[in-house]
Amino acid sequence: MTYVPAEIMGKPTLRAQPGSVMTSGMQLTISCEGTSSAQEYYLYKEGSPNPWRRQSPLEHGNKAEFFFPSFHPNEAGRYRCYYRTHTGWSERSDFLDLMVTGFYRKPSLSARPSPVVRFGGNVTLECISQLGYDGFSLTKEEQQKISWTLDSQYIYSKNNVRALFSVGPVTSGHRRTFRCYGYYLNKPRVWSEPSDPLELLVSVSQPQDHTVENIIRMGVSGLILTLLGILLFEACYSRRRP
């Protein structure tokens, strides 16, 4: 009798195209990638019936795509997927958070102390608004991927709320473009309009040590003063001679 090992069904991978931060009304495709023996894929949205959607695999069998012709706020949320084979069910994928933007007034984003950052240095990005947002999120425009999410702080002297995001150490000489968004806790994945883009320019010049140069300068200055002192002394001495 030949022993046939049971199929090992790993955790599928869940991705969103063109990204996980979407403007309301945009088209979105969610792909769930598993194994070639998958017979059906299932998409689960947290808080919705299980499964929320189901889909047959594509031609090669190891992936299914869930298409949203127009992504709206009621579809924002946390998603997972899994698949079924003839031997059973797979694990569930890691969570994928999908956000929809454009519903509240945009906040402002600035860099402290400057948007020009020394190579290897740190910079603080301040996202601020007069609206009472419960939190702010910061994204990199190049990847449209959430980088940080922070609770807001109320500033009494200015009657606004803000969040301070620390970025660094910066080790790339390329420009980096950031935006920030505000949101409320009752709808944490429905975000405001994006802030104006903020570009960080990384300076690749390294700080130079001028210690040796300064010592040489001080030595030369001391020598000159000594020579001037000798000449002055000789001049005074020669005048006093009869």
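Using a 1.4 Å probe on the protein chains only, how many percent of the accessible area of the stretch 102-164 belongs to carbon and sulfur? Write down the numbers at each step before the final one.
On the way: 1710 of 3600 Å².
Answer for the stretch 102-164 is 48 percent, counting heavy atoms of protein chains only.
Using a 7 Å offset from the Cα along the Cα-to-Cβ direction at both S48 and K187, what is the distance between the two label points in nm, to one decimal?
So the two model labels end up 1.7 nm from each other.
If the reach is capped at under 17 angstrom between alpha carbons, list the lysines near K187, excluding any in the same chain fewer than eight residues apart.
Counting by Cα, and skipping residues close in sequence, K187 has these lysines nearby: K45, K106.
So who's got an amide H within less than 5 Å of the one on M22, skipping anything under 5 residues away but keeping other chains? H placed 1.01 Å off N, in plane.
Amide H neighbours of M22, under 5 Å, 5+ apart: M99, V100, T101.
Would you compute, for the Cα atoms of the stretch 72-135, the largest minus smallest coordinate along each principal axis and list the three values in descending order, in whole Å?
Principal-axis extents of the stretch 72-135 (Cα, largest first): 60, 34, 16 Å.
Taking amide hydrogens as modeled 1.01 Å from N in the peptide plane, which residues meet the under 5 Å criterion relative to S152, leaving out close sequence neighbours?
HN-HN under 5 Å from S152: G135, F136.
Report in % the part of the accessible area of the stretch 8-81 that belongs to carbon and sulfur, leaving out ligands and nucleic acids; probe 1.4 Å. Walk me through the numbers before you get to the answer.
Numbers: 1620 of 3800 Å².
Of all accessible area on the stretch 8-81, carbon and sulfur atoms account for 43 percent.
At 1.4 Å probe size, with every protein chain present, just tell me what the per residue accessible area of the stretch 71-193 comes to in Å². Mind dumping the intermediate values first?
Numbers: 6410 Å² over 123 residues.
I get 52 Å² per residue for this part.
The values are calculated or read from the model by the stated rules, or taken from the named source; none is laboratory data. No experiment lies behind these values; they were computed from the predicted model shown. No Cβ is skipped: glycine too gets one built from the backbone with ideal geometry, and neighbour counts run over all protein chains shown. Surface accessibility is based on the protein's heavy atoms, side chains included, excluding ligands, DNA and RNA. Shrake-Rupley method; radii C 1.70, N 1.55, O 1.52, S 1.80 Å.
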